[in-house]
Each structure stands twice: as structure tokens, then as C-alpha cells.
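First up is the structure itself, then whatever we jot down about it.
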Amino acid sequence: MDKKSSVSSRHSASTLSDIATLRRQLDAIERFEKQNTHESSRLDEIRKQCDVLQKESIERLSSISQKQINAQEQLQFVLKRTKEINQMMKALQESESVDVCFLMDCTNSMQKFIIEVKDRIFETIRLLKSRFSHLNIRLAFVGYRDLNLPEERQFSILDFTDEDKFHSFVSMVKCEYGGDACEDVLGGLQKTVHLQWNQPVRILIHVADCPSHGRRYHDLPEHKDHYLSSDNDGAIGQELFDKFVQLDLKYFFGRLTSHTDKMMEQFIQFGQKRISIEEINLKNFQNLLPFIVESISRSISKTASSLLKSHSAVESNLQNTKTSRISRISFDSIEPDWLNIPMKKVQVIKYQCNDQLVCEQINESTNIKIAEKPFAEGAMRLAFYGLMQNKDKWEKVVLKKYKNIHNNIDMKEKYLELLDCQTIADHLAQEFNKLSLSTNESTSTIKKIKFIMTKLVFDPESEGNVHFFTIERFIDGSYKKFSNNAGYVNHEDPAVTLQAFSHWTYERTNGNMIVVDLQGIDIGDNQTYLLTDPCIHSTDLTRFGRTNLGKPGIKRFFETHVCNSICQTLKLKMIENQSVTKTSSKYDSNFIEKKSSIINKSISSKHS
Ligand SMILES: [Zn+2]
């Protein structure tokens, strides 16, 4: 090897080693880089996980805050409802504060009627208390005779007081000879105006067998009225009734003879439908007690129902709109010729409920026909005839929609609450019907209960702002109210099955709900009640809308509910503070037997 080549070989050896070193270094860099990429991809992964976690926790946080907001809103709603319900209960109790004035003809023939009032006044109050647990009653007496007597003998007057003082006063009232065939009725009416009326419900109970003086008040021969020219132009009578309107009196007249008929016609004209005047054919003094009890009960119930109506209508524009709008609505009471009505496809929502009383919504579509004009109106809704296709048949239906509503979304909620309520009531009724069958006792008095099922229809083409309707089967029959949602019971038809059903729903739901406000039709076979529009009082105030009066509503039911034979058969438990008065049932059956002879001249429907 020459020097050159030895150098070069030495050189190449060192280059080789250099390259090897370089390669190693390169490998190391490459490894490092690989590791680095791996690291960075791991970093990426971790970063991604972080992002996911962060997103999740943000979502969770916002869902928690949403839940908090919901819970807060719900709490506020419940608090608001509780306050409203308490105010409502107070108003209902006040509607049981009554002033009752007895205006009685105290001439000869009337003595037995006055004795009857005195003898039965305590019983009357006891009966009324069994129906109205918060009854606060004050009594007054105005007895009138005739103009032939000096003023102090012409009238017997006791201003409003309690039943004991009333009883002792009436015990002292004596009848006197009246002179002619007419009495100073206007004088008596005049005295009632000056009494200290101050309770929310004011009732005048007038019993007389003779008319007032004056040609315009009777058709008796001239010699039977010594003051024939009295109130010739009717100005005195008119002024009196204007004062009655101001006082907001409810006037009940117990009719004994036809001699008073012309006078009552005059009175009704003076009232001009501004006050409630009812004339009941009393016939004899034995009917006095039911007459008095029914007059007072009806007045209280009417006041309570109008309170309940305004309570459930408030806030949603649902107040009775019999104002300017009404003039624009035209009605057609006759069913239309369906061939001329176009068919339309609509969406239908119905509810289904399980044994836990949880409802689920079912959507379907169907074909319907709706009459152009409504055939009737209620306080809040208009009713239309309609047909609904069921497979290949057309069923007659009634469609109802709220009047004068601007907000469809709120309305949908309202309708769904209604569906929820009916579906649960019907589910409970089906369970109750099965129960009833398995009890052998008193099966004759137990009837079946059914609720007319309501569905919700959405018709985008419907006129005006409101596109929702409720739809239900058309049922012909005479409609009756058996109870309401404030403890009212129809004593003329107490419907024991329905009373027991309400009580049973309370036990079935462990005290969380009660189905009330039962109304509808006692159908053909007399074995079934077909009911509509029930209310449910529930401990959950967020359900069933504004007619749900919660625990106070449940309490009110039991304050007037007297357990009947069906409750006993079903072994339903009494609850604390439940009414145990038994006198009501005895009295009711007594009254019902005589009812036809008593109330055969009720003119209330024409004038209330
Ligand atoms: Zn009961």
C-alpha cells in the first residue's frame, strides 16, 4: 500500500465511521421525531378529550341551570296558584255569608205560616249548615198588615240578627184582621229596604195570600180594595224595585192563591230582569221549610258558581265575551246539509293513560266536516256541528273552540290540560265500574260511569286566530249538573253513585287526586251516567288547569260529602273534618216526593 492509498484508506475509514455516526444520529433524530409525533398525537388526543370533557361539563352545567330555572318557574307558578286558590276559597266562604229577610203578610189567614217559620227555623239552619259548612246567616223579619191599623200595629219589624233572637221575636208576632181583601204589600217592601243588609248574598223570602192595594196589582171587585187608587202610575213599585236592584236582592215569592198573580207580573216588570225573582207555588204551610231551604241553597250555589267561573276564566282572555264580538257571530241552530260542506284532513291528538295515571299523547290524522256557523255558545266556547270519519263511517260530533283568543300556543296547553283531565277521569271510572260489579250489595243503585272522550283537532285552515278545536261524540239528552268543584251537591238528584265515585277516586290515588264537577246525561237505560268536562283537584298544582283547586279543593269536597250506602259498601274511609250530618238525606227524599207540586210555577228560567 502506497502512502497515498494508505492515507486515502485511512480517510475512507474515518468517513465511513463518520457516516455511521451520522446515520446513528439520524436514526436517533428519526426516533426522536417519531416519538415526538407520537407524543404530539397523544397530546392531540388528550386535547380532544379535554374538549369533550369541557363541552360535556358546559352542557351539564347549562342543563343544571336550565333545570334550576324550570324548577324556579314551577315553584313560582305553584306559589301563585296557591295564593289564587286561597283567595278563591276565601271568596267561596264569603258566598256562604247570607242575609235572609222574611217578608210576611200578617193578617188572619197567615198565622199557621208564621208559626211554621218560628217552629222550623232551627231545623232550617241545621239543614243549610250540612250543605254549606261555612254558613254565616243573619235573619230579619218584616210582618205587614193593612192601612186600617195604626203604624205600630201595621208592621212587626226585626232587623238582621241571630236565630235565637229571631225565634223569640217571631214567637210574639200576632196576625190581625186585614179589613179588605188587599194588604199594604208596598209598605212591607218599603220596610225591607231600610234593613241593615250587608252580607254578600241577600235574600228576600216573601209569603203572602193577598195582593197589594191598587188597580194595577189585582183584578178583585172594587169593593174589596178600600185604596183602589194606590200607586196608580206604578211609580212607588218601580222605585222599590230599583232599590232592590241596588241592594242586589234575590227575591223568592211563595205563592198561595191566584189573587197575587197580577201583582207578581207587575213586580217582574219592575225588576226588568235586573234581579232574580222566583215565584214558587207553595200551596200549604208544610211546604214552607223546603221552599226556604231550597231558595237559600240556590242563591248560595249560584253565587259560588259564578265565582268559580270567573276564577277559571281569569288571565287567559277567557272571560265571557258577550260584548262587541257577539254581534259579529251569527248562529245556525240547524244541522247543515253535509253534502255542501267540504271535507278536510286534520291532525288529531288524543291521550291514553296507564294504571299509574300517566298519560301519553297519540297523534293521528282524520277527515272531518265542520259546520260553517256555531249552533250554540257557552260562557267561553262556541259549539259547532261536525262529522268525523271513523273507518268507512261518518260519526256525528260536536266541535268546540274558545272565543276571542289571541295566543294559539297557550291555547294548546289549555286544551291538553282538558284532555289530561278527561282521560284520567275516564280511566278511574273504568276501574270503578269493574269494582261496582263485584259488589253484590245495592247493585240496583250502582250505575255505570263513562266520560265522553275528547280529542284535540288542529285545523290550519280554520278562520280567525284559533286553529284548535276539541272534538267529541254528539250526545242527545237532557244535561244535568250533579256536583261542582267547590263541594256543591245537587240535592234534587243526589246521584249516590257519583258522590261515591268522587270519594273513591281520592282513596284510589292515595289522597293525591279527586274527580269532581260531575255533569252530563243519565242515558236511556237509566244504568249509565255519561259525563263530560270533569275537574280534578290534585296535590300537583301544575296539572289540570285552573279548575284544580289543590288540597283546599279536596278539603271542600269532604266538608259537604256525606258518605252514602255505596261509600259504605266500598268501605271508603271517612276523613278528618268530613261532614257527618245525616239529616240532609232524610229531608231530601221528603222534598223530592213533594217537589212536583211545589215547584210547578217556577219562573226563574225566564228571569234569571
Ligand atoms: Zn263517601
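Greater than 30 Å separation of Cα atoms is the criterion. Which listed pairs, Lys434/Lys573; Lys262/Lys481; Lys302/Lys350, meet it?
Beyond 30 Å between Cα atoms: Lys262/Lys481; Lys302/Lys350.
Hey, what number do you get for the chain at 222 nm if only DSSP H runs of n ≥ 4 count, each worth -39500 (n - 2.57), divided across all residues, to the nearest 500?
Mean residue ellipticity, 222 nm, calculated: -15000 deg cm²/dmol.
Express the relative contact order of the range 324-577 as a whole percentage, based on alpha carbon pairs under 8 Å and six or more residues apart in sequence. All intermediate terms of the calculation are to be shown ahead of the outcome.
Working: 461 pairs, mean separation 40.3, N = 254.
Value for the range 324-577: 16 percent.
Among 110-121, 532-543, 79-90, how do they line up from the highest to the lowest mean number of other beta-carbon atoms within 10 Å?
So the order, starting with the most tightly packed, is 532-543, 110-121, 79-90.
Working out 0.36 nm times the residue gap between Ile475 and Ser171, then minus their Cα-Cα distance, what length gain in nm do you get to one decimal?
104.1 nm
Which whole-number percent gives the relative contact order of the chain, counting Cα pairs below 8 Å spaced six or more residues apart?
Relative contact order for the chain comes out at 11 percent.
In Å, what Kirkwood hydrodynamic radius results for the chain from the alpha-carbon pair distances?
Evaluated on the chain, it is 29.7 Å.
What's the magnitude of the charge dipole for the chain around its Cα centre, counting Lys and Arg as +1 and Asp and Glu as -1 at the beta-carbon? Answer in Debye, nearest 20.
So the magnitude is around 2080 debye.
For the chain, what is the accessible area per residue in Å², given a 1.4 Å probe and the full set of protein chains?
52 Å²
Using +1 on the beta carbon of Lys and Arg, -1 on that of Asp and Glu, and nothing else charged, what's the dipole of the range 97-313 about the Cα centre, debye to 20?
For the range 97-313, the charge dipole is close to 940 debye.
Could you tell me which of Gly477, Tyr529, Leu541 has its Cα farthest along the dipole of the range 324-577 towards the positive end, charges placed at Cβ (Lys, Arg +1; Asp, Glu -1), taken about the Cα centre?
It is Leu541, whose Cα lies furthest towards the positive end.
Work from the charge dipole of the chain (Cβ charges, +1 for Lys and Arg, -1 for Asp and Glu, about the Cα centre) and give the residue of Val142, Gln76, Ala371 farthest towards its positive end.
It is Gln76.
Direction-averaged shadow area of the convex hull around the Cα atoms of the range 324-577, nm²?
In nm², the orientation-averaged hull projection of the range 324-577 is 15.1.
Against the globular-protein guess of 2.2 N^0.38 Å, express the Cα radius of gyration of the range 245-286 as a ratio, rounded to two decimals.
Compactness ratio reported: 1.23.
Would you please put 123-131, 226-234 in order of how densely packed they are, using the mean number of other Cβ atoms within 10 angstrom per residue and starting with the highest?
Per-residue mean Cβ counts within 10 Å order the peptides as 123-131, 226-234.
Return the inverse of the average 1/r over all pairs of distinct C-alpha atoms in the range 97-313, which is the Kirkwood hydrodynamic radius, in Å to one decimal.
Computed over Cα pairs of the range 97-313, the Kirkwood hydrodynamic radius comes out at 17.6 Å.
Could you work out the relative contact order of the range 97-313, using alpha carbon pairs under 8 angstrom and six or more residues apart, expressed as a whole percent?
Relative contact order of the range 97-313: 23 percent.
Round to a whole number: what % of the accessible area of the range 230-274 belongs to carbon and sulfur, probe 1.4 Å?
With neighbouring chains kept in place, the figure for the range 230-274 is 45 percent.
Express in nm, to one decimal, how much length is gained between Arg543 and Glu73 on full extension, taking 0.36 nm for each residue of separation and deducting their alpha carbon distance.
Stretched out fully, the Arg543 to Glu73 stretch lengthens by 167.8 nm.
Among all lysine pairs in the range 1-124 that are eight or more places apart or on different chains, how many have alpha carbons less than 30 angstrom apart?
6
What order do you get for 241-248, 49-56 when each peptide is scored by the mean count of other beta carbon atoms within 10 Å, highest first?
So the peptides 241-248, 49-56, ranked by packing, come out 241-248, 49-56.
Pick out, from Gly179, Ser17, Tyr351, the residue whose Cα sits farthest towards the positive end of the charge dipole of the chain, with +1 on the Cβ of Lys and Arg and -1 on the Cβ of Asp and Glu.
Positive-end residue among those listed: Ser17.
Amide H to amide H, which residues 5 or more places from Val515 or on other chains are under 5 Å from it, using H placed in the peptide plane?
Distant-sequence amide H within range of Val515: Thr505, Tyr506.
For Phe482, which sequence-distant residues (separation of 5 or more, or a different chain) have an amide H within less than 5 Å of its own amide H, given hydrogens modelled in the peptide plane?
When sequence neighbours closer than 5 places are left aside, the close amide H contacts are Leu518, Gln519, Gly520.
Percent of accessible area on the range 324-577 owned by carbon and sulfur, 1.4 Å probe?
Ligands and nucleic acids excluded, carbon and sulfur give 48 percent.
The values are calculated or read from the model by the stated rules, or taken from the named source; none is laboratory data. Everything numeric here is computed off the predicted structure, so don't read it as measured data. With ideal geometry, Cβ positions are generated from the backbone for all residues, glycine too; neighbour counts draw on all protein chains shown. The accessibility values were calculated without ligands, DNA or RNA, using every heavy atom of the protein model including side chains. Shrake-Rupley method; radii C 1.70, N 1.55, O 1.52, S 1.80 Å.
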